[in-house]
Amino acid sequence: MLFRKEALDYQKNTNIGDVFLKHPRAYKILAFCLFLIFVGMLLFITFGKINKKAKVHGYLEPSSGIMRYTAPLQGQIQQILVEEQQWVEKGTPLLEIVNEHALNALNNDNELHHGRLLELNTRLGSIDALLSLSDQEFHEKQHQLQAESNAINEQLTRLYNTKKVVEKQFTIAKRKLNNMSELLSKNLVARSDVEQQESQVLDVQGNINRLLLTESELTARKQSLDMQAANLPTEYQQRHQQLKAERSRLNHEKIEFESLQRYWLVATQSGTVTRVHHKLGEQINAHEPLVHLLPKESQLEAVLLVPSESIGFIRVGQMAKVKLDAFPYQRFGFQQSTITKVSNHVLLPQDLNALVTTESPVYRVTAELSEARPRLHGKDVVLKPGMIFSADIILDRQPIWYWLFEPLLSIKK
């Protein structure tokens, strides 16, 4: 044997007793924590999932587009009648533009200009007075015709009663004449008495004829009045329409005359003013943009410009996190949106909106915002067309272990 038993026993005997190696308690705690971390990482890699996303840029745009009003002529802005974010109804004046060239020409012949304008205003005032007088004359004429017709009815009533009395007198006189004629044949009365009775009968007959003539005249007069009353509304309407047509023609002539020196820009539909491009007194050129109007019932939507390498994974219904540049998402968070439309047509850099530029072709993707007025710091924020943003589109979710070993799995395949 290399070592005897006695030698080994001697080495085990010490003068100071048994030796124990003491490990600090912190080492055990540290080892336990490392074990837990290892188990947690193993569980995370096994059951955790990672999002595959595409980062894109875009801008906000109304769903029905923006009404863009441009200058119809060169001139100067005389009045600005609206403000940004103001609601306007259809037909509301927005701006007044003065044509300086026309103003200079008119100022050179100022007396003629004011004379023509005064003439148009005078004629318009006369027509307005005639329209008002026409209404008054119509009602007065109606009352007059009605009064005359009522008077004739009363005359006819009295005439009818008088005629009945005269006809009765005629009957009595005629019967008396017949009786006297019989007595004359028997020589019981004088011929002169019979002739006198005959004369009386003729007088009564003449009265009846005159009454009939008067009745015929009154009846004809009443028919004429009734016809005038029936035709009066039609005649009034025709006259009224003629005056209104003349007033419309003069108004149009006045507007054309005044438009030579000034022009009113009017809203063609109801909506919200989103932008006023110029300030009071600025010079403008023809076809220069003046006002942008967001039409009624139009909602803002997010326009995402997706590069060609990511468009193959984009589907309708996917979620996109919109981060507005005007509101840093580190402080204000992001806006959730849902993709509603994916375009199949590629857009080249020169085809894009000037708000967002890119060096490579992109596809237009439309997304609906979850909130039209997001709340920031407890207050509703009004989003404006043209706001630019960046967005993250969730393309796919896969386990972390698959993501780690995907290169190896690809090589194996």
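The values are calculated or read from the model by the stated rules, or taken from the named source; none is laboratory data. Here the structure is a predicted model, which means the values were calculated and not measured. Note that each Cβ is placed from the backbone with ideal geometry, even for glycine, and that neighbours are counted across all protein chains shown.
Here are the numbers for the structure shown:
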{"read-out": "Members of segment 317-351 found to be surrounded by fewer than 11 Cβ atoms within 10 Å (Cβ to Cβ) and part of a loop (DSSP other than H, G, I, E, B), listed by number", "value": "GLY317, PRO328, LEU348"}
{"read-out": "Inter-residue pairs, beta-carbon under 8 Å, first within 16 Å of LEU250 (Cβ to Cβ) and in segment 127-140, second not basic (Lys, Arg), 6+ apart", "value": "ILE127/LEU243; ILE127/GLU246; ILE127/LEU250; LEU130/LEU243; LEU131/HIS240; LEU131/LEU243"}
{"read-out": "Which numbered condition TYR236 misses (of (1) among the hydroxyl-bearing types (Ser, Thr, Tyr); (2) crowded, with 16+ Cβ neighbours inside 10 Å; (3) free of Cβ contacts under 8 Å to residues at least 60 places away in the same chain)", "value": "(3)"}
{"read-out": "Lone qualifier among GLU282, GLU301 - being modelled with pLDDT of 80 or more, over 24 Å from LEU131 (Cα atoms), touching a strand residue (DSSP E or B) at 6+ places or on another chain (Cβ under 8 Å) and surrounded by fewer than 17 Cβ atoms within 10 Å (Cβ to Cβ)", "value": "GLU282"}
{"read-out": "Answer from LEU225, LEU218, LEU211, LEU184 - the residue that is in the same structural domain as ILE152 (by the TED database), within 30 Å of ALA151 (Cβ to Cβ) and in contact with a Lys or Arg (Cβ under 7 Å, 6 or more places away or on another chain)", "value": "LEU211"}
{"read-out": "All positions within segment 239-251 that are among the hydrophobic types (A, V, I, L, M, F, W, C) and surrounded by fewer than 15 Cβ atoms within 10 Å (Cβ to Cβ)", "value": "ALA245"}
{"read-out": "Residue in segment 200-232 that is surrounded by the fewest Cβ atoms within 10 Å (Cβ to Cβ), counting only those that are in contact with a helix residue (DSSP H, G or I) (Cβ under 8 Å, 6 or more places away or on another chain) and closer than 30 Å to SER126 by Cβ", "value": "LEU232"}
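Quick grid of which residues meet (1) modelled with pLDDT under 65; (2) over 30 Å from PRO307 (Cβ atoms); (3) touching a Ser or Thr at 6+ places or on another chain (Cβ under 7 Å):
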{"residue": "PRO24", "(1), (2), (3)": "no, yes, no"}
{"residue": "ILE50", "(1), (2), (3)": "yes, no, no"}
{"residue": "GLU84", "(1), (2), (3)": "no, yes, yes"}
{"residue": "GLU89", "(1), (2), (3)": "no, yes, yes"}
{"residue": "HIS113", "(1), (2), (3)": "yes, yes, no"}
{"residue": "ASN121", "(1), (2), (3)": "no, yes, no"}
